[in-house]
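A short worksheet on the structure shown next.
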């Protein structure tokens, strides 16, 4: 016999698992994973394109929006124009930045794009474009636009967006997790932010949550904050200042998480965590390493009904 909550969960999954949504999800994840696992091949393909096609190609990132909203009957021309033109604008600006700043010291266009992408995701500017429970598409589409611009057009050195994980990545990532965990536990419990739960969710659930967190939370955030922001700031203000500045911005990006007010406890713990994520990334400039730290921290301190949760 199924409980009402179970029926709602099944209905939610069934609502998502339509042909249009599955195709949209595949098309959304394809650019992200292609560059993450085949970076050299993707860079070569983009270099072979004509100039106009290189800049026009990211307009294809609007296709998932068309598929999802057409199927749901929520298509709006204005939102379609935004998802078609914003990635193109990012590509154009970053191509200009590549020419104006060949030494990659950090151009105003780099920081403008980071501000727009960061605020758009954090303040949920565009989530109203999507049907209910489909806003995750927005985050990954914007991530794809950033990847195309920074990795394939700007070719920003030192980003470290390579998810072909090496043993060294795992060692560094778990090392920084081990350094941060005692601080998170002591401070989180003292502040009443973390709570001990009696129920252990099981290895399978924890492993599944870790994989989901790694690909949909940790990697996007680490690429943005460490691969792009900390990377660029290091060229302007040095390694130490860039580490702490990026950690502070990372903490502030969590001000409205799980609340409708300024969640200073979350901001504080996230900012401290950001220091260790930044240390993991800058060890060898590998997003995979800091994403391992990030996903493991989230899995350990936010695993729902088991161990600890915020």
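Here are some notes:
- Breaking point among (1) closer than 14 Å to residue 68 by Cβ; (2) over 16 Å from the mean Cα position of the chain (by Cα); (3) in contact (Cβ under 8 Å) with a residue 12 or more places away in the chain, for residue 141: (2)
- Hey, residue 84 over 19 Å from the mean Cα position of the chain (by Cα) and under 24 Å from residue 64 (Cβ atoms) or not: yes
- As a summary of the residue check, residue 226 satisfies the conditions (1) in a helix (DSSP H, G or I); (2) modelled with pLDDT under 95; (3) within 14 Å of the chain's Cα centre (by Cα) except for the one numbered (2).
- The C-beta contact set for the range 158-185 (first residue free of Cβ contacts under 8 Å to residues at least 60 places away in the same chain and assigned by TED's automatic domain parsing to the domain that holds residue 224, second residue in a helix (DSSP H, G or I) and surrounded by 14 or more Cβ atoms within 10 Å (Cβ to Cβ), distance under 9 angstrom, 6+ apart or interchain) comprises 171/289.
- Count - residues of the range 250-295 that are under 20 Å from residue 158 (Cα atoms) and part of a helix (DSSP H, G or I): 20
- Condition check for residue 248: within 21 Å of residue 169 (Cα to Cα), surrounded by 15 or more Cβ atoms within 10 Å (Cβ to Cβ) and more than 15 Å from the chain's Cα centre (by Cα): no
The values are calculated or read from the model by the stated rules, or taken from the named source; none is laboratory data. Remember, it's a predicted structure, so these values are computed and weren't measured experimentally. Positions of Cβ are generated from backbone atoms using ideal geometry, with glycine treated the same way; all protein chains shown enter the neighbour counts.
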